[in-house]
Amino acid sequence: MRMAWLLLILACAGPMEISGSADARTPEAHVAHNESVQTVIQTARQKFQQALKLDYAWRVTADLISEAEKRMAAGDTQGAHDAATRALLSAEASILQAEHESRVWRERLPKTATSNVKK
Amino acid sequence: MSGDAVSGDARQDRDDLVAFFAKRFPDVEFSDHANGAYALDEAKARQWREIEDFPPYEPMIDEGERLFNTAFSNGSGYAACFEHEGIGIKQRYPRFDPDTRQVVTLELAVNHCRELNGESPLSYTGEAITAITAYMAFTSRGQKFDISVPEGAESAFNQGKQFYYSRRGQLNFACSNCHLDAAGLRLRAEILSATIGHATHWPAYRFKWQELGGIHRRFAECNEQVGAVALDHQSEAYRNLEYFMTVMNNGMTLNGPSTRK
């Protein structure tokens with residue numbers, strides 16, 4: 001059930017809705033923030049690679065990673081952070097999906113008289 | 001069907017699906033599912049039959065025949081690589097190769113043939129391989145799928161089966177959610193076709209593509225529309241998926257190439 005909610009949340013939040021507001025930060029805080037955003041982007045990339053290996057990657061993860069990189073390059077650190085965080089969440093959800101599905105896929109076989117008796 | 005060569009489980013899976021769709025669509029003959037969504041919508045079927053009278057893919061069959069009969073630089077040709085010289089054989093593809101323990105699709109076999117003869121492999125997304133397989137499919141029209149699942153092939157078959165029934169992508173859909181559970185229902189302007197009949201008519205000319213394309217191109221599109229990253233054409237996962245799906249079409253008549261929306 002938790003899985004379904006996570007997917008639903010991600011499905012509802014389209015990549016277009018990201019908005020940035022890095023204005024209220026002091027220059028020092030901004031530098032520290034920069035580094036942590038790079039870390040989030042890096043982790044999102046690793047998780048995306050992991051999902052690709054499982055044949056389970058989501059397109060939105062790739063979109064959000066490039067969104068984060070673009071925002072970063074434009075100096076929009078907060079926007080980059082938001083996009084990177086969502087990229088990471090979506091990559092984690094896709095890996096969860098792979099694990100979950102490897103356990104439950106058989107439940108979707110057609111329910112006919114024969115297959116019900118068989119298993 | 002030489003059913004003995006199909007493992008018991010694979011045969012049962014196929015029979016279960018046929019029974020499922022017979023119950024879901026009591027008015028649709030088993031063989032009519034080879035026409036995909038057109039078997040489920042008479043108005044669209046009428047339009048489609050008119051198109052098939054003057055098929056847009058015809059020049060590609062001619063081109064495929066020409067390519068198929070063009071000798072390699074060593075003097076040999078495709079015909080030498082296949083039983084019956086490659087004519088009327090598609091009903092036995094994809095097949096499981098016990099030596100490499102891989103599923104061999106017709107596209108893969110064409111490229112193996114080239115490599116055996118010192119030619120470079122064709123791109124799986126290019127026009128040449130589509131034309132050649134369109135010609136080969138054309139010569140197999142009217143044959144019935146007879147795909148075997150010999151000992152050793154169960155793992156490939158089961159991987160294809162698992163792929164078909166697993167949810168994927170951000171929208172969290174399995175192939176079976178649309179083409180089994182929701183078959184016959186509308187998705188936007190389209191009617192969802194049934195799993196049985198999905199392998200009969202490839203390569204297909206899609207008006208959306210404005211050209212012929214293979215079944216893996218369709219897999220990629222169905223993956224992408226639920227938000228999943230598509231896999232490479234002829235990747236192991238897609239070949240196993242095609243293997244499973246084609247076994248599910250055993251006993252159906254090949255009618256490719258065909259047109260689709």
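The values are calculated or read from the model by the stated rules, or taken from the named source; none is laboratory data. Quantities reported herein were computed from a predicted structural model and do not represent experimental measurements. Cβ sites come from the backbone with ideal geometry, for glycine too, and all protein chains shown count toward neighbours.
Just a few scattered comments:
- Residue check, residue B:209 over 22 Å from residue B:18 (Cα atoms), part of a loop (DSSP other than H, G, I, E, B) and not acidic (Asp, Glu): yes
- Yes/no for residue A:85 being without any contact (Cβ under 8 Å) to a residue 24 or more places away in the chain and polar (S, T, N, Q): no
- Restricting attention to region B:212-261, the residues that are in a loop (DSSP other than H, G, I, E, B) and over 22 Å from residue B:13 (Cβ atoms) total 15.
- A count restricted to region B:188-206 and to residues that are more than 12 Å from chain A (Cβ to nearest Cβ) and either within 17 Å of residue B:136 (Cβ to Cβ) or assigned to a loop (DSSP other than H, G, I, E, B) (or both) stands at 13.
- Selection within region B:226-241 - at the interface with chain A (Cβ under 7 Å from one of its Cβ atoms) and either within 15 Å of residue B:125 (Cβ to Cβ) or without any contact (Cβ under 8 Å) to a residue 12 or more places away in the chain (or both): B:229, B:231
- Of residues in region B:97-110 being surrounded by fewer than 20 Cβ atoms within 10 Å (Cβ to Cβ) and not aliphatic (A, V, I, L, M), the one nearest to residue B:214 (Cα to Cα): B:102
- Condition check for residue A:119 on (1) at pLDDT 95 or above; (2) under 18 Å from residue B:176 (Cβ atoms); (3) more than 9 Å from chain B (Cβ to nearest Cβ): one failure, at (1).
- Taking the numbered list (1) surrounded by fewer than 19 Cβ atoms within 10 Å (Cβ to Cβ); (2) more than 14 Å from every other protein chain (Cβ to nearest Cβ); (3) touching a residue at least 60 places away in the same chain (Cβ under 8 Å) in turn, residue B:250 passes all entries but (1).
- Hey, residue B:174 over 14 Å from the mean Cα position of the chain (by Cα) and touching a residue at least 12 places away in the same chain (Cβ under 8 Å) or not: no
- Which listed residue is more than 9 Å from every other protein chain (Cβ to nearest Cβ) and in contact with a helix residue (DSSP H, G or I) (Cβ under 8 Å, 6 or more places away or on another chain), from B:171, B:185, B:212: B:212
- Here the condition is being more than 23 Å from residue B:252 (Cα to Cα) and among the hydroxyl-bearing types (Ser, Thr, Tyr); of B:155, B:148, it holds for B:155 alone.
- Test for residue A:107: is it within 13 Å of another protein chain (Cβ to nearest Cβ), among the acidic types (Asp, Glu) and touching a residue at least 12 places away in the same chain (Cβ under 8 Å): no
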